[in-house]
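We did not get these values from a lab; they are worked out from the coordinates using the rules stated. Note that the coordinates shown come from a computational prediction; the quantities given were computed from them, not determined experimentally. Don't worry about glycine lacking a Cβ; one is built from the backbone with ideal geometry, like all the others, and counts go over all protein chains shown.
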Amino acid sequence: MRGPKIRRFGTFSGGIDLPDDKGLTLTRPIAEWDDIENISLPLGRNMRSATSPLVINDQKVSTGRIIATADNESPDIFAPTDATVTGFSNVEIAGRYTMRRAPAIDLKIASPIKLPPAEPIAPHWLDMDEAALWDRITEGQLTVHRRGSTPLAHWVLKARSKSCGLLVANAMEQQPLVTSSHRMLVDHGPEVIEGLAILARAIGISNAALVVPRRRTDSYRNIAPPADKYNIAQIALSHKYPTESDTILTKVLTRLSVPPGMTPMDVRVAMIDPATCLAVYRWVACGQRLAGRIVTICGHETRPDGNYFLPFGARCLDIIKPRDRSVIHGGPMIGAKCNTNTVVTPATDAILAISPSPYAPSSPCIRCGWCTDHCPTRLNVASLNDDFELSLIEHARRSHVTACVGCGVCSYICPARLPLMQRVKELKLAVIHAVARDGRTE
Ligand code: SF4
Ligand code: SF4
């Protein structure tokens with residue numbers, strides 16, 4: 001399938017130079033976190049789209065048993081290990097734009113959930129025909145490891161229907177402290193590359209690339225042989241933030257602009273992440289359905305900062321106690337504050353205890369214009385802040401608020417400490433709802 005070409009590795013207007021503050025987590029190998037006994041597995045992406053539980057309270061379930069059946073928007077849910085159902089609750093998970101509530105099954109697990117060693121099984125995925133590979137992927141009931149947790153099979157079908165001609169594994173990971181993708185490439189790089197090759201074949205794309213920060217390339221020598229074998233381009237880019245945004249990365253790689261409110265697939269570029277590639281490799285090549293993911297942990301009282309394999313459904317505040325600090329789900333630029341019921345999902349790349357709190361009191365706008373100058377999508381952020389304060393949804397729509405990529409540059413740079421990213425995201429969501437309600441196209 002032909003598609004957009006990688007034409008240049010350029011730059012973009014706006015953005016900032018973030019400190020490379022990643023400390024020891026860069027160099028420590030991925031470790032297990034084996035004292036979690038209770039998990040709450042989300043049953044869907046929100047309260048409306050949820051799978052139906054097939055179990056009752058106090059029921060014992062064995063490893064791999066289906067405990068909730070798929071609906072249109074969520075895959076089947078499997079017991080990650082032998083466990084007992086202890087109840088049903090509501091949890092908070094990372095949605096596409098904001099944190100969302102979703103129903104969950106509470107389980108007491110009989111043994112720790114770990115990242116098993118990779119053990120490939122027959123047949124090799126290269127020996128499967130197209131139909132067999134597709135059956136294998138759909139059987140996995142995996143989700144994409146990004147905010148919103150789309151079912152993987154839906155994502156592949158969408159990439160096919162949009163005739164995507166370029167597949168990119170986005171490993172830019174520029175936020176301070178966060179290193180989960182980096183460690184995945186260091187410790188499991190060949191598996192990530194093979195997972196990317198599997199996805200390329202499933203979509204029918206011959207043009208695939210792995211994109212990493214230029215200042216980390218020395219650490220990734222292990223990925224060159226498999227990348228050459230599967231004809232995957234390796235691209236290193238400068239660290240100007242937010243190159244890691246899918247929209248900005250699309251622009252930097254291809255010169256194509258993603259229209260406001262649309263995604264890179266609308267310009268025929270499929271963006272994925274190393275965590276999904278690793279999960280795809282483990283399922284398709286090894287028959288292992290991963291029951292957790294690699295997460296950067298910083299600020300634990302007794303355990304060293306580092307990257308740990310955490311089970312899906314673990315409560316973030318059971319992992320790091322807040323004490324006098326804020327605990328953030330996601331990185332310091334784009335993350336959200338954890339509540340007592342925020343849980344680890346495929347979209348969780350970091351849980352960080354940060355002091356002082358990034359949610360400090362703000363003061364009124366002083367009209368310095370820095371937020372607008374540095375916004376990578378050229379939004380007039382100060383004007384959008386006025387729209388937020390005055391609830392001017394229609395004006396925000398006309399100002400193209402849906403072009404916001406949620407990078408957090410505006411909040412980071414604002415001397416008045418206004419929570420601009422959250423405000424612009426709320427406006428964007430309000431515009432999306434208003435447009436859907438009125439049956440208009442953006
Ligand atoms: S308005 Fe959106 S895209 Fe612009 S700097 Fe703020 S978060 Fe980033
Ligand atoms: S950076 Fe903050 S203070 Fe400056 S114009 Fe933007 S909102 Fe106002």
>> Using 24 Å as the Cα-Cα cut-off, could you pick out the over-long pairs in Lys114/Lys158; Lys22/Lys158; Lys22/Lys337?
In response: Lys114/Lys158; Lys22/Lys158
> Quick one: length gained pulling Ile121 to Thr27 fully straight, 0.36 nm per residue minus the C-alpha distance?
Replying inline: 30.8 nm
> Say we join alpha carbon atoms closer than 10 Å with springs in a Gaussian network model of the chain; which of Thr217, Thr247, Thr348 then has the biggest fluctuation?
Replying inline: Thr217
> Summing -39500 (n - 2.57) over the DSSP H runs of n ≥ 4 in the chain and dividing by its residue number, what mean residue ellipticity at 222 nm do you reach, to the nearest 500 deg cm²/dmol?
Replying inline: -8000 deg cm²/dmol
> What length, rounded to one decimal in nm, is gained on full extension from Arg255 through to Asp20, with 0.36 nm per residue of separation minus their alpha-carbon distance?
Replying inline: 82.0 nm
> What residue among Leu392, Leu166, Leu384 has the largest mean-square fluctuation in a Gaussian network model of the chain, using Cα springs under 10 Å?
Replying inline: Leu392
> By DSSP, what percent of the beta bridges with both residues in the chain are antiparallel, rounded to the nearest 5?
Replying inline: 65
> Taking the Cβ of Tyr281 as the center, what net charge do the other residues with Cβ under 10 Å away carry, scoring Lys and Arg +1 and Asp and Glu -1?
Replying inline: -1
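Just tell me the longest site-free run in the chain, where the sites are trypsin sites (Lys or Arg not before Pro) in a DSSP loop having at most 12 other beta-carbon atoms within 10 Å. Before the final figure, lay out the partial values.
Numbers: sites that count: Arg2, Arg7, Arg8, Arg48, Arg323, Arg367, Arg440.
By the stated rule (loop sites, at most 12 other Cβ atoms within 10 Å), 49-322.
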>> Just to be sure I understand the model, the point goes 7 Å from the Cα along the line to the Cβ. What's the resulting His395 to Arg101 distance in nm?
In response: 3.2
> So, counting K/R as plus one and D/E as minus one, what does the shell of residues with Cβ under 10 Å around Gly406 add up to?
Replying inline: +4
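List the relative contact order of the stretch 37-111 as a percent without decimals, with contacts defined as Cα pairs under 8 Å and 6+ residues apart.
Numbers: 195 pairs, mean separation 28.8, N = 75.
Worked out over the stretch 37-111, it gives 38 percent.
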> How far apart, in nm, are the 7 Å Cα→Cβ label points at Asn46 and Asp266?
Replying inline: 1.8
> Near Ala336, within a Cβ-to-Cβ distance under 14 Å, what is the net charge of the other residues, with Lys and Arg +1 and Asp and Glu -1?
Replying inline: +4
> Which residues in the stretch 379-398 have a backbone N closer than 14 Å to a point placed 7 Å from the Cα of Ala434 along the Cα-to-Cβ line?
Replying inline: 384-398
>> List the residues, sorted by chain then number, that are 5 or more residues from Phe78 or on another chain and whose placed amide H is less than 5 Å from its amide H.
In response: Ile67
> Put a dot 7 Å past each Cα toward the Cβ at Asp35 and Met128; how far apart are the dots in nm?
Replying inline: 3.9
> By how many nm would the segment from Ala236 to Cys368 grow when fully extended, if each residue of separation counts as 0.36 nm and the alpha-carbon distance is taken off?
Replying inline: 44.1 nm
